[in-house]
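To start, the structure under review is shown below, and the notes come after it.
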Amino acid sequence: MTEQSNRQLRLAQRPTGEPADEIWQFTTEDVPEPGDGEFVVAISHLSLDPAMRGWLDDRPSYLPPVGIGEVMRALGAGRVVASRHQDFPEGTHVTGTFGAQEFAVSDGRGVTRVDTGLAPLTTHLGALGMTGMTAYFGLFDVGAMADGETVVVSGAAGAVGSVVGQLAKIKGGRAIGIAGGPEKCAWLTEELGFDVAIDYKAEKVSRALREACPDGIDVYFDNVGGEILDAALARLRRGARVPICGGISQYNAEGRPTGPANYLNLIAARARMEGFLVFDYAARFPAAAAEMAGWIADGRLVSREHVVEGDLTAFPETFRMLFRGANTGKLVLQITEG
Ligand code: NAP
């Protein structure tokens, strides 16, 4: 163990706008030794998440900001390579918030043992991981989707959005996805079974929604905020629910984020708009993941991971892919063999 080194990505300065290469710094340390009740993970895959952008800003949020000089907070997957913890013996595959580095020491808190016989490690970061849990609890709990309802989701060809639409179909609903570009839209309707896909870069979303949802929207699952949220708010059906999952169109905004102008329609529609955090549902993850694994196994749910191969130096450019729409499905950086 000690002959190896641990390369790490640290935050050197806070970004303005899209995170540039200059905000990062690479360091190398010795691989940590596990203490009593600890284990060391060799991290093979890093999860790239839009939420990471928020963690870079020095403002109060649900987690403290990543400090200057600290290893970048990141979810990841890997294998236990040294252990003094009875529940995590050597060879165990795990996911957890290990940071953007090659090795991490852990006491097991917040770490999940995963079965690579059930699905590849990348899927445990995707549909069977935090991403899939976000779709599941956002749609079924916060969105309170009932069978047969009309669900509209933005960021539909991304990690969370692609699962949301498929879950809506599994529950017998209509799924309308909003995504950027013809390839993504074709993937949604031809391979994932969405009823309609709206290319927000080529179509006027408000008009396309009017055509796609003549009776209105029951659940609008928002991943992007901004103008698309506004267009959806104008089409709500009576009693609609609007889970606010994210607002990626606003994450790199240098001024104040743009709020929705059409929010008064919540009154007329007797509708509910509600933000949520997936971590609050952690106690129910195992049951939800088991249900999702069943849907994957019987072919009703497709988990697509967009895997970029590289080492840690590929992180800055891979991270920017999220804000440029360069990923389809769950974006993962593979830094070593899994
Ligand atoms: P993702 O959708 O896989 O990747 C981001 C996608 O956003 C891009 O591929 C791009 O697709 C789209 N996008 C980028 N800029 C945009 C813009 N200006 N307007 C519209 N679309 C834009 O990412 P994800 O991991 O699934 O996350 C989706 C959302 O869920 C994010 O907002 C994230 O913060 C949120 N989230 C929330 C929770 C929670 O607990 N609340 C948990 C996980 C994720 P196009 O090519 O279609 O533009």
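The values are calculated or read from the model by the stated rules, or taken from the named source; none is laboratory data. A quick note: this is a predicted structure, and the numbers were derived from the prediction, not measured. Cβ: placed from backbone, ideal geometry, glycine included. Neighbour counts: every protein chain shown. Surface areas here come from the heavy atoms of the whole protein model, side chains and all, with no ligands, DNA or RNA. Shrake-Rupley method; radii C 1.70, N 1.55, O 1.52, S 1.80 Å.
Tabulated data for the structure shown
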read-out	value
36, 222, reordered so the largest accessible area comes first (probe 1.4 Å)	36, 222
Column: log10 I(q)/I(0), Debye, Cα scatterers of the stretch 289-338, q = 0.17, 0.27, 0.31 Å⁻¹	-0.63, -0.93, -1.08
Contour excess over end-to-end distance, with Cα ends at residue 215 and residue 191 and 0.36 nm allotted per residue	6.1 nm
The stretch 231-338, relative contact order in percent, only Cα pairs under 8 angstrom and at least six apart counted	24
Helical mean residue ellipticity (222 nm; -39500 (n - 2.57) per DSSP H run of 4+; nearest 500) of the chain	-6000 deg cm²/dmol
Per residue value of the accessible surface for the stretch 214-271 (all protein chains in place, 1.4 Å probe), Å²	50
Rg/Rg_ref, the stretch 206-338, where Rg_ref = 2.2 N^0.38 Å and atoms are Cα	1.29
Spin-label pair residue 86/residue 272, simplified geometry with 7 Å Cα→Cβ offset, distance in nm	4.4
P(r) tail fraction, the stretch 76-229 - alpha-carbon pairs more than 22 Å apart, %	48
Gain in span if fully extended, residue 321 to residue 250, counting 0.36 nm per residue against the direct Cα distance	24.0 nm
Along the chain, longest interval not containing exposed GluC sites (Glu not before Pro), exposed being DSSP loop plus at most 10 other Cβ atoms within 10 Å	4-253
Considering only the chain, percent of DSSP beta bridges that pair antiparallel, nearest 5	55
³J(HN,Hα) computed for each position of the stretch 86-101 - Karplus, 6.51 cos²θ - 1.76 cosθ + 1.60, integer Hz, glycine/proline x	5, 8, 10, x, 3, x, 5, 8, 9, 10, x, 8, 8, x, 7, 7
FRET efficiency, residue 258 to residue 280 (Cβ-Cβ, R0 30 Å, nearest 0.05)	0.70
Spatially proximal aspartates and glutamates relative to residue 171 (Cα-Cα < 18 Å; intrachain offsets below 8 disregarded)	141, 147, 149, 191, 195, 218, 291, 298
Gyration tensor verdict on the stretch 195-253 (Cα atoms; rounded if a/c is under 1.5, prolate if a/b is larger than b/c, oblate otherwise)	oblate
Principal axis dimensions, the stretch 16-99 - Cα atoms, whole angstrom, descending	44, 26, 21
Convex hull volume per residue in cubic angstrom - Cα atoms of the chain	129
Sparse-neighbour loop sites [trypsin sites (Lys or Arg not before Pro); the stretch 104-182; at most 10 other C-beta within 10 Å; DSSP]	109
1.4 Å probe accessible area per residue over the stretch 1-102, in Å²	46
Portion, in percent, of the accessible area of the chain that falls on carbon or sulfur, probe 1.4 Å	47
Karplus 3J(HN,Hα) series, Hz, for the stretch 246-254 with 6.51 cos²θ - 1.76 cosθ + 1.60 (x for Gly, Pro)	x, x, 4, 5, 10, 5, 9, 4, 8
Prolate/oblate/rounded label for the stretch 220-288 (Cα gyration tensor, a/c 1.5)	oblate
Most fluctuating residue given options 91, 165, 99, as computed from a GNM of the chain linking Cα atoms under 10 Å	91
Cα Rg, Dmax, the stretch 53-152, angstrom units	16.8, 51
